Amino acid sequence: MDEQEKPISLVLFSGTDDKLSAAAVLAVGAAAMGRPVNVFLQYYALDAFRSGKVTADHALSAEATIAQAPVIRAHPGLHWSELFKQAKDVGEVNIQACALSMEMFHLKQADLDPMVDGIEGVAAFMASASDGQVVFI
Amino acid sequence: MDEQEKPISLVLFSGTDDKLSAAAVLAVGAAAMGRPVNVFLQYYALDAFRSGKVTADHALSAEATIAQAPVIRAHPGLHWSELFKQAKDVGEVNIQACALSMEMFHLKQADLDPMVDGIEGVAAFMASASDGQVVFI
Amino acid sequence: MDEQEKPISLVLFSGTDDKLSAAAVLAVGAAAMGRPVNVFLQYYALDAFRSGKVTADHALSAEATIAQAPVIRAHPGLHWSELFKQAKDVGEVNIQACALSMEMFHLKQADLDPMVDGIEGVAAFMASASDGQVVFI
């Protein structure tokens, strides 16, 4: 396998807007380089991808100070959900909800934003990650 | 080396029950696929593996909202410590305490849960991670 | 490429002293083993590398308890900024500021500590990460 074709797999755990933005930027960057991108949504990140809640305010990480928060919020630029859509448009980006987290939050796929492609267990995710990079955010 | 045999190495930094559960699920998934799993315990994660404290309440991430926290806590399922034990039963899972964090918390191996296999420095950890995946949680 | 020569790439997002210390220890360990290390500074981590602010108090993760915090703070040992300098002295360690985060915080390279080597976009970072490990901290 050509090294550039190895997937990058993002395990999204955190559901704050700053971490989701950082993740989306990595996804767009990798997709633009022609690399397959797997996204696996767990816990708070899964909750942030609920239908109708994507563009809601998901707060910032607890470490954001009173000085930093308004500067981060004032930054123009695409919302992380738009960046993920852009990544899907330009490349091979597959977004899967973690089956265990779906069960935990009593969710069905119809409850999720349409950009989520499906639901899978951790074994399927690990298989798709293959020997590429795995990043936990 | 067969690609499937490359290790996955989890650097556990966070000691909250949600992140430890997410880590344990990845460990079980990788172990079930026959992959070697290295776990390196630092900071708050090391503190959570203290003997007699493993099943104590280690709180949730600061981002858990008042709506999310009770749903996460109500989810039945094995405790993360049981998942790590299960991972050790089915596969090659090695749990090491970071020597620097041991020193920081004035701990000896006898202070840790028996599922911790030993104490090692970062150089030994990096050597065991080899060219496999490294995930920081 | 020899496996040991593959880079390890650290995406630093968090700017708390505990996470920056954990990251610095990984950087020193990898550099000492002769591995190239790429550091990509985003969000709060970038803010922590501002000139004159590096050794300021950047707090601990929100999960630090009242019992843990004084123990962590009392631990002697090199400051994370000294560890990064040491890593640069012993190995091939390249520290880049994320262009998007620079823009968000209205920073220029002159505003950053001299140990930051430059500014780059996510595509350049992903290219330098190649097929090595990528760790998000």
For the stretch B:83-99, give me the residue count where each residue is among the charged types (D, E, K, R) and exposed (fewer than 15 other Cβ atoms within 10 Å of the Cβ).
1
How many residues of the stretch B:1-46 are of a type outside the set (Ser, Thr, Tyr), closer than 27 Å to B:Ala64 by Cα and open to solvent by 10 Å² or more (accessible area, probe 1.4 Å)? The answer is 4
For the stretch A:13-115, which fully contained helices (runs of 4 or more DSSP H) count at least 1 residues that are farther than 30 Å from B:Leu78 by Cβ, within 12 Å of chain C (Cβ to nearest Cβ) and touching a residue at least 12 places away in the same chain (Cβ under 8 Å)?
A:17-32, A:68-74, A:80-90
Tell me the residue from A:Asp57, A:Asp47 that is in contact with a Gly (Cβ under 7 Å, 6 or more places away or on another chain), among the charged types (D, E, K, R) and farther than 22 Å from C:Ile137 by Cβ, please.
A:Asp47
Given (1) over 30 Å from A:Gly77 (Cα atoms); (2) surrounded by 14 or more Cβ atoms within 10 Å (Cβ to Cβ); (3) modelled with pLDDT under 95, where does C:Ser130 come up short, assuming only one miss?
(1)
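Kindly evaluate C:Leu60 against the criterion of being open to solvent by 20 Å² or more (accessible area, probe 1.4 Å), under 12 Å from the mean Cα position of the chain (by Cα) and farther than 15 Å from C:Val135 by Cβ. Before you say what the answer is, go through the steps one by one.
Working: open to solvent by 20 Å² or more (accessible area, probe 1.4 Å): yes; under 12 Å from the mean Cα position of the chain (by Cα): no; farther than 15 Å from C:Val135 by Cβ: yes.
It is false that C:Leu60 is open to solvent by 20 Å² or more (accessible area, probe 1.4 Å), under 12 Å from the mean Cα position of the chain (by Cα) and farther than 15 Å from C:Val135 by Cβ.
State all residues of the stretch B:16-49 that are basic (Lys, Arg) and within 13 Å of A:Ala127 (Cα to Cα); if no residue qualifies, say none.
B:Arg35
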Report the residue count in the stretch A:116-137 for those that are assigned to a loop (DSSP other than H, G, I, E, B) and more than 21 Å from A:Ala30 (Cα to Cα).
1
Quick check on C:Glu92: is it within 23 Å of C:Gly34 (Cβ to Cβ) and either at pLDDT 95 or above or in contact with a Lys or Arg (Cβ under 7 Å, 6 or more places away or on another chain) (or both)?
yes
Can you tell me which of C:Gly77, C:Gly52 is open to solvent by 50 Å² or more (accessible area, probe 1.4 Å) and closer than 30 Å to A:Pro70 by Cβ?
C:Gly52
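The values are calculated or read from the model by the stated rules, or taken from the named source; none is laboratory data. As the structure is a computational prediction, the values presented were derived from the model and not from experiment. Cβ coordinates were reconstructed from backbone atoms using ideal geometry, including for glycine residues, and neighbour counts include every protein chain displayed. For accessibility, only protein heavy atoms count, side chains too; no ligands or nucleic acids. Shrake-Rupley method; radii C 1.70, N 1.55, O 1.52, S 1.80 Å.
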